[in-house]
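Colleague: Structure below; questions to follow.
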Amino acid sequence: MSKKHDAIFDDVLSDLDTPAQPQARESARFLKRSTTINDRLSGELEEKTLRWVDPSECRMWERHNRDYELLNEENCRDLIDGIRAQGRQEFPAIVRPIDDPEYKYEVICGARRHFAVSWLRANNYTQFKYLIEAREMTDEEAFRLADIENREREDISDYERAIDYADAIARYYGGKQKAMAERLEVSQPWLSRYLALASLPDQIVGAFPSIRDIKERHARDLKPLLARPATAEPVMAQAARIGAQQQSARNGRGPFIDPMDVVKQLRQAAEAPKAKPARKPDEAIYRRTAGEKGITARKRGRKYQLEFEDNLSEASLRGAFDAFVKSRFN
């Protein structure tokens, strides 16, 4: 029963004699408890048990769709500050119980929350604990739950999502794209684009500063170039060169190459160098009559070079030469 309902009930009872009010209020509470019990029995009310735990009791699910190693103070700063300002974590992480001597739960959804609370506890805010909701679920159910929670979030990269999908289609759906798309309630073309992203060669992936910088549109740009041997070879070679520079930047030597420039350089590598137009030789063939052998005249600067076969008859040679002279002075 709602607070509004209680207020109305109390207002009705207010007109009764004072001695009867405590009993009436008790009746209101009884009615509220009865309604709650009825809602539970009818299935209209579902109660969830939340727990505050030490984050060290939880490990990441091995197929979690977020790379926990990429989380740091900088990219979790908004969440760290939010939890500190609120005094607690507002939304529970979804975990499931596990049989492990070192951990009680594994995290299905809530990696950033886990990192944020762990960071706070390690930085003199030991009062914070990790809010969890424990559920029993299969791996396939865990995959779908994590996907639904993170699909619209911008802080999980396209590439992380793509790798997760590529693993799931083989692991849970027998490699059948249609079955997976129906289960996730997405279109097959949409899913296909992410699977194409996951299939990018490691050399291409390494050309980007981080996997977080690889977008689904990048796969669309590069896939046609990698499908043709004539363009795949120069693209892969350029990716190796870019990757070496990116690795140096990761090691603190030099700047990173921007993701947009990476794609631009890879596309340029696929373009065949424009061949210089062949210089047409300044030459012509002169014959006495069509079908006869003649002389070839080639201009070299201010001079002409005449060539003819040594078995050319005198009449053919004279006729060809006359044609040459005629063309020069007419």
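No value in this document is a laboratory result; all are computed from the given coordinates. Fair warning: this is a prediction, and the values are worked out from it, not measured in the lab. Cβ placement follows ideal geometry from the backbone for every residue including glycine, while neighbour counts extend to all protein chains displayed.
Colleague: Rounded to whole Å and sorted largest first, what semi-axes of the equivalent ellipsoid does the C-alpha gyration tensor of the stretch 181-303 yield via the square root of 5 times each eigenvalue?
Modeller: 51, 23, 9
Colleague: On to the next question. Run the numbers for Lys48 and Glu271: contour at 0.36 nm per residue of separation, minus the present Cα-Cα distance, in nm.
Modeller: 74.4 nm
Colleague: Shifting gears a bit: Any chance you could list P(r) for the stretch 48-149, counting all Cα-Cα pairs in 10 angstrom bins from zero, rounded to whole %?
Modeller: Pairs per bin, as whole percents: 15, 50, 31, 4.
Colleague: Summing Lys, Arg as +1 and Asp, Glu as -1, what charge do residues with Cβ under 12 Å from the Cβ of Asn123 carry, Asn123 excluded?
Modeller: Summing Lys/Arg as +1 and Asp/Glu as -1 gives +1.
Colleague: Right, here's the next one. Per 0.36 nm of contour for each residue apart, how much would the distance between Glu309 and Ser199 grow if the chain were fully extended, relative to their Cα-Cα spacing?
Modeller: The span from Glu309 to Ser199 would gain 33.4 nm if fully extended.
Colleague: Do any GluC sites (Glu not before Pro) in the stretch 288-330 lie in a loop, going by DSSP, with at most 14 other beta-carbon atoms within 10 Å of their beta carbon, and if so which?
Modeller: Sparse-neighbourhood loop GluC sites (Glu not before Pro): Glu292, Glu309.
Colleague: Restricting to DSSP loop positions (anything but H, G, I, E, B) with no more than 13 other Cβ atoms inside 10 Å of their own Cβ, which trypsin sites (Lys or Arg not before Pro) remain in the stretch 144-210?
Modeller: Arg151, Arg153, Lys176
Colleague: Okay, next question. Quantify how much of the Cα-Cα distance distribution of the stretch 113-194 extends past 22 Å, in percent.
Modeller: 40
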